[in-house]
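Laboratory data are not the source of any read-out in this text; all were calculated from the coordinates shown. Just so you know, these numbers come straight off a predicted model, no measurement behind them. A quick note on method: Cβ atoms are made from the backbone with ideal geometry, for glycine too, and the neighbour counts reach across all protein chains shown.
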Amino acid sequence: MVDVVAAKQEITDAIGAHGTWKMRLQTAAQTGRLQGRAVDLARDDLCRFGQWLGGLPPEMAGTDTAREVKRLHREFHNLAGGVARQVEAGDTAGARATLETGQLGECSTQLARALTSWKMALR
């Protein structure tokens, strides 16, 4: 049985945390200083939300919404990890250019929307 209140809080926290990481990457692309390691940021199972997602019971993890959230979450970390690798390599111009393509921002927006929809659907 899923604790709906706790699940909604995890989702709320995830929206904030991933938005914060997007801003941190924008700052890192400007300053050349990254918080954390690119290899860790690229993994979708190391953040608190990713760990929570990985531990969902089958009745919750198997829904179309959960699968879409997992896909978008994985994509977010893949894109964020790419920007972080550029920063680590000293290619801040490349990191800024990558951010300007809008892929990470669009993925972040889609993830936030999917999370919000999921949260609203939980009962």
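Between residue 35 and residue 91, the distance separating the two model label sites (each 7 Å from Cα on the Cα→Cβ line) works out to 2.5 nm. Taking every alpha-carbon pair within the range 46-98, the share separated by more than 14 Å comes to 61 percent.
Over the range 9-78, the ratio between the Cα radius of gyration and 2.2 N^0.38 Å evaluates to 1.20.
For the chain, a crude dipole built from +1 on the beta carbon of Lys and Arg and -1 on the beta carbon of Asp and Glu, taken about the Cα centre, is about 160 debye to the nearest 20.
Between residue 48 and residue 12, 0.36 nm times their residue separation minus their Cα-Cα distance comes to what?
Details: separation 36, 0.36 × 36 = 12.96 nm, distance 1.21 nm.
Between residue 48 and residue 12, full extension yields 11.7 nm more.
What the phi angles of the range 4-10 give under the Karplus curve with 6.51, -1.76 and 1.60, with θ = phi - 60°, is a coupling list of 4, 4, 5, 4, 4, 5, 4 Hz, glycine and proline written as x. Extension gain for residue 78-residue 106 works out to 8.7 nm (0.36 nm per residue, less the C-alpha to C-alpha distance). Counting only the Cα atoms, the chain fills a convex hull of 82 Å³ per residue.
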